[in-house]
Structure formats: C-alpha cells, structure tokens
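A.B. asks: Take this structure, written in structure tokens, and hold onto it; I'll ask about it next.
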Amino acid sequence: MRRWIVALVPVAVVACGHAGPTPPAPAPEPAPAKARGAGAVDEREREVRQAEAAEQSALYGYEQTVQSAFADVENALIAQQKTVQKLAAQKALVDALSEYSRLARLQYRGGYVPYSTVLQADQQLFPAQLTLAQDRAQVFGAAVSVYQALGGGWVTLADGMTTEKTPSRRADAAQAVQ
C-alpha cells in the first residue's frame with residue numbers, strides 16, 4: 001500500500017467545522033489571591049494536560065480518517081482498473097468466438113462441416129456475450145465506487161425522479177384510442 005503524505009489542518013478547523021481563522025479564546029480570569037495555592041496549580045495543570053490529550057486525540061482521529069479515505073480511493077481505482085482489464089479480455093474472447101462462429105457457418109454452407117459444428121460455436125459464443133454484458137455493468141459499478149470514494153454524494157433529485165410515477169404506455173395508448 002502506498003504511503004500518503006498528509007498536510008494536517010489545524011485542530012481548530014476540525015473542532016469548529018470551518019476553515020476560516022478562529023478567534024482567540026478569551027484569557028481566563030486569574031483566581032482570587034486566597035484561592036491560589038498548590039491545589040489550584042495542580043488543578044490548572046490537570047486541565048491543561050486534559051486539553052492537550054483531547055487535542056492529540058482529535059488530531060489522531062483526523063489523521064486516521066484522511067488515511068482511510070485515501071485507502072478507499074486507491075482500492076476503488078485499482079478495482080476499476082482490474083474490471084476494465086477483465087472487460088478488455090472478455091471483449092477479445094467474444095471477438096474470437098464471433099469469428100469462429102462466422103467461419104463455422106461459412107464451412108457449413110460450403111458443405112465442409114456438419115451443422116453441429118455451427119451449434120458448438122454458438123454454444124460457446126452466447127455465454128461469452130452474456131459475460132461481456134455483465135462485465136460492462138461491473139465497469140459502470142466500479143466507476144460509481146470511485147466517485148463515492150472521492151466523496152461524491154447522491155443527488156436526491158435524481159432519486160425522486162426515478163420513483164415518480166410516469167404514465168404507462170398502455171394508459172397513453174388507451175387515451176389515444178378514445
């Protein structure tokens with residue numbers, strides 16, 4: 001697997017949810033003189049350590065998310081490449097079997113081979129054509145996977161269009177007859 005170099009976004013961007021500059025936090029008010037003691041200093045150090053740990057945890061989570069996203073994209077691209085290669089090989093097989101079928105028909109018409117040879121050629125060609133159609137569908141599915149891995153979303157308008165009821169052809173024909 002490839003190693004990706006990631007430029008990390010400041011944690012403030014992740015925590016705030018926007019990429020603009022974050023305003024500085026207001027300075028905490030100092031504790032009254034009587035309350036300042038060894039216990040107050042320990043409490044302050046504990047809060048600082050806790051905040052630093054939360055920051056490191058958020059940074060680690062962000063790094064993991066980015067690395068996972070890169071891995072998903074890489075896997076989707078590799079799957080698409082292999083699917084395209086498989087499609088090319090299947091296309092070559094269908095082309096060869098089509099030529100075999102054509103030649104078997106020519107030989108049959110010339111009286112050189114029995115019709116069973118033509119049938120055998122077709123029996124090999126038809127399943128290969130079905131597999132080619134399935135491979136084409138897999139290529140489209142792989143393209144969708146790449147799009148999803150790159151962060152593409154689904155258009156809700158398109159989903160609504162596919163579920164709308166459109167008049168059927170029978171209803172249109174019935175209206176035309178009346």
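The values are calculated or read from the model by the stated rules, or taken from the named source; none is laboratory data. Because the structure is a prediction, the values reported are computed rather than measured. A quick note on method: Cβ atoms are made from the backbone with ideal geometry, for glycine too, and the neighbour counts reach across all protein chains shown.
A.B. asks: Before we move on, is residue 112 within 30 Å of residue 76 (Cα to Cα) and not aliphatic (A, V, I, L, M)? Spell out how you get there, then give the answer.
C.D. replies: Working: within 30 Å of residue 76 (Cα to Cα): no; not aliphatic (A, V, I, L, M): yes.
So residue 112 does not fit the description; no.
One line per residue, one yes/no per condition, for (1) hydroxyl-bearing (Ser, Thr, Tyr); (2) outside any loop (DSSP other than H, G, I, E, B); (3) touching a Cys at 6+ places or on another chain (Cβ under 8 Å); (4) modelled with pLDDT under 90:
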{"residue": "124", "(1), (2), (3), (4)": "no, yes, no, no"}
{"residue": "131", "(1), (2), (3), (4)": "yes, yes, no, no"}
{"residue": "160", "(1), (2), (3), (4)": "no, yes, no, yes"}
{"residue": "171", "(1), (2), (3), (4)": "no, yes, no, yes"}
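A.B. asks: So which of 25, 58, 40, 79 is exposed (fewer than 10 other Cβ atoms within 10 Å of the Cβ), modelled with pLDDT of 50 or more and either in a helix (DSSP H, G or I) or on the phi < 0 side of the Ramachandran plot (or both)?
C.D. replies: Values: 58 fails: exposed (fewer than 10 other Cβ atoms within 10 Å of the Cβ); 40 fails: exposed (fewer than 10 other Cβ atoms within 10 Å of the Cβ); 79 fails: exposed (fewer than 10 other Cβ atoms within 10 Å of the Cβ).
Unique residue meeting the criteria: 25.
A.B. asks: Please specify each residue of the stretch 62-92 satisfying the condition of being free of Cβ contacts under 8 Å to residues at least 40 places away in the same chain and either hydroxyl-bearing (Ser, Thr, Tyr) or over 22 Å from residue 137 (Cβ atoms) (or both). Before you say what the answer is, go through the steps one by one.
C.D. replies: Going residue by residue through the stretch 62-92, those that are free of Cβ contacts under 8 Å to residues at least 40 places away in the same chain are 64-65, 68, 78, 81-82, 85, 88-89, 92.
Within the stretch 62-92, 64, 65, 68 meet the criteria.
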